[in-house]
Amino acid sequence: MTRTLYTGGQLFDGTGAAPASADVVVEDGRFVEIGSGLDGDEQVDCTGKSLLPGLFDCHVHVMFSGIDVLRMMQTPFSYPFFEAIHNLRSTLDQGITMVRDAGGADLGVQQAINNGLITGPRMQISLGMLSQTGGHGDDWMPCGASIPLLVEHPGRPSTVVDGPDEMRRKVRELIRNGADVIKVATSGGVLSPRSDPRRGHFRDEEIAVLVEEATAAGRFVMAHAQATDGIKVAIRNGVRSIEHGIFLDDEAIEMMLAAGTWLVPTLAAPRAVLALADLGAGLPQHMIDKARMVVDVHTESVRRAIAAGVAVAMGTDSGVGSHGDNLRELTLMTDCGMTPAGALHATSLSAARLLGVDDDLGSIEVGKRADLVLVDGDALEVDTLGARIHSVYSDGKLVAEPGRAATG
Ligand SMILES: [Zn+2]
C-alpha cells in the first residue's frame, strides 16, 4: 500500500489546535501518521502551503444556479440536473468535500457522485422542505397557479403538509425516497410568494411528530427558521440545527445553548438575493423587499449568537446565489465577531458533528478519512482563502486542483 507524505506545510487540523508545522501521511485513503520527520513512498511538497481538513458547507442547493424566477420558468425540467454537475465541481474547487443539500438534490444526484459517475463533494440530501399550507415551501401564486422553483417528481415529492398525521406520513415518504436529513420550514422565508419571515409555521404537535419519526429512522432535522416563534418551536422539539436564525431573541439563544442546537447562519443568503436584484434577475418585488427587511437584523442576531457561544456550522445557501464562492461566508462570520480559527472550525469539525460524521471526517486526525485541502499561504487569512485553494483530496484521491488552473 502506497504511503503518501505531505511535508513542509503548516497544519490546521480542525480540532481547535493552533496551526503548526507537521508532516501528514496518508495510506489507503486515511490519515495514518501525523508528526515530524515522517517518510513515505510518494511525497507532496507543501512548502509555503497550509493543510486543512476537507471543508463543509451545511446548506447548499446544488440544483439551483442563482434564483431568477422568470429564467427558471423557461428552463426545461431536466436542465438543473446538468447544471448540478457544474455546481458540484465549483463547490469542490472551494475545498468543500462535504455538503448538506437543503432541498432539490435527489437520490440520483447523490448516487451519481457516490458511484463516481460525476465528481462532487460527499452529500447528505433532504429532497425537499416540509412546509405548511401557505408556508415557505408552498409555491401558490396570487394568480392561482403554483410555480415551484423546482417541480416535484417521483424522486422529490411535494412537501406541503398540515397536521401530525400528514406530517408523519410525509416524513416516512421522504426517508423512503432517500432523505438523509429531514428539512422543515418552521417559519416563513424570503423566496416564497405568500409567507412572512416574521411568522412561525407548524405548531408543537406537528414538529414533535416530525422529530419523533426522523429520530426513529436515525435522521436529524434541520429547520429553516427565521421567525422567533418558529425558531423556538424547532428548538424545544429537538430539531438539530436552526438555518438562517434571523429573528433570534435572547430567550432563543438561551434555549439553543441549553439544548445544544446548532446555528447555520447563511449570512450570504439575503445578500445574494439583493445582489441578484441589482444584476437585474427576474425576481418578484416581494422577494427583494423581504431580503432587504431581514439582512441587518439577521447579521445582528448572528453576532449575538456567536458572542453567547452558540455552536455554529458554516452554511451558505449557495444556489440562491451562484456556487463557487462559498468561503466568502467565512468573512461574513468573522465580521459578526467570530475568530478566523472559529470560522474554520465551523467549516470543519463543528460541521462534521452537526452532520453526525465526525467519527470519520472534519479534522486531520489519525484514522480519519483523508479529505484534505492544500492552500497557498496562511489558512487563517480567511478573507482570501477561497482564491488560494491549491488542491483538494477526498479519501486521499486528488479531486480538484483549482490552483493549477489559476497558474496555467
Ligand atoms: Zn436554503
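Condition test on HIS286, is it within 14 Å of the ligand (Cβ to nearest atom) and of a type outside the set (A, V, I, L, M, F, W, C)? Here the answer is no, as HIS286 does not meet what is asked.
Within segment 172-197, the set of residues being of a type in the set (D, E, K, R) and either buried (at least 20 other Cβ atoms within 10 Å of the Cβ) or touching a Lys or Arg at 6+ places or on another chain (Cβ under 9 Å) (or both) comprises ASP180, LYS183, ASP196.
If you check VAL69, VAL60 for being within 30 Å of VAL151 (Cβ to Cβ) and either among the hydroxyl-bearing types (Ser, Thr, Tyr) or touching an Asp or Glu at 6+ places or on another chain (Cβ under 8 Å) (or both), only one passes: VAL60.
Beta carbons closer than 6 Å, at least 6 apart along the sequence or on distinct chains, pair a first residue in segment 53-75 that is over 19 Å from PRO270 (Cα atoms) with a second that is part of a loop (DSSP other than H, G, I, E, B) and among the acidic types (Asp, Glu) for GLY54/ASP371. Evaluation of ASP101 against the conditions (1) away from the ligand (no atom under 16 Å from the Cβ); (2) in contact with a strand residue (DSSP E or B) (Cβ under 8 Å, 6 or more places away or on another chain); (3) in contact (Cβ under 8 Å) with a residue 40 or more places away in the chain; (4) among the charged types (D, E, K, R) shows that the sole unmet condition is (1).
Need a quick list: helices (runs of 4 or more DSSP H) entirely within segment 289-408 having at least 2 residues that are among the polar types (S, T, N, Q).
Once the helices (runs of 4 or more DSSP H) in segment 289-408 are filtered for at least 2 residues that are among the polar types (S, T, N, Q), what remains is 328-335.
Based on this model, can you work out whether VAL209 counts as in a helix (DSSP H, G or I), in contact with a strand residue (DSSP E or B) (Cβ under 9 Å, 6 or more places away or on another chain) and not small (Gly, Ala, Ser)?
Answer is no for this residue.
The set of residues in segment 264-282 being on the phi > 0 side of the Ramachandran plot and surrounded by fewer than 18 Cβ atoms within 10 Å (Cβ to Cβ) consists of GLY280 alone.
Exactly one residue out of VAL62, VAL69, VAL26 is assigned by TED's automatic domain parsing to the domain that holds GLY282, under 30 Å from THR15 (Cβ atoms) and within 28 Å of the chain's Cα centre (by Cα), and it is VAL62. Across segment 110-121, not a single residue is classified as within 16 Å of the ligand (Cβ to nearest atom) and out of contact with any Pro (no Cβ under 6 Å at 6 or more places or on another chain).
How about segment 104-138: which of its residues are surrounded by fewer than 20 Cβ atoms within 10 Å (Cβ to Cβ), more than 30 Å from GLY362 (Cα to Cα) and either among the hydrophobic types (A, V, I, L, M, F, W, C) or touching a Lys or Arg at 6+ places or on another chain (Cβ under 9 Å) (or both)? Across segment 104-138, the qualifying residue is only GLY134. Of VAL233, VAL273, VAL221, all but one fail to be within 16 Å of the ligand (Cβ to nearest atom) and in a helix (DSSP H, G or I); the exception is VAL273.
The values are calculated or read from the model by the stated rules, or taken from the named source; none is laboratory data. These figures come from a predicted structure and were not determined experimentally. Please note: Cβ atoms are built from the backbone with ideal geometry, for glycine as well, and neighbour counts cover all protein chains shown.
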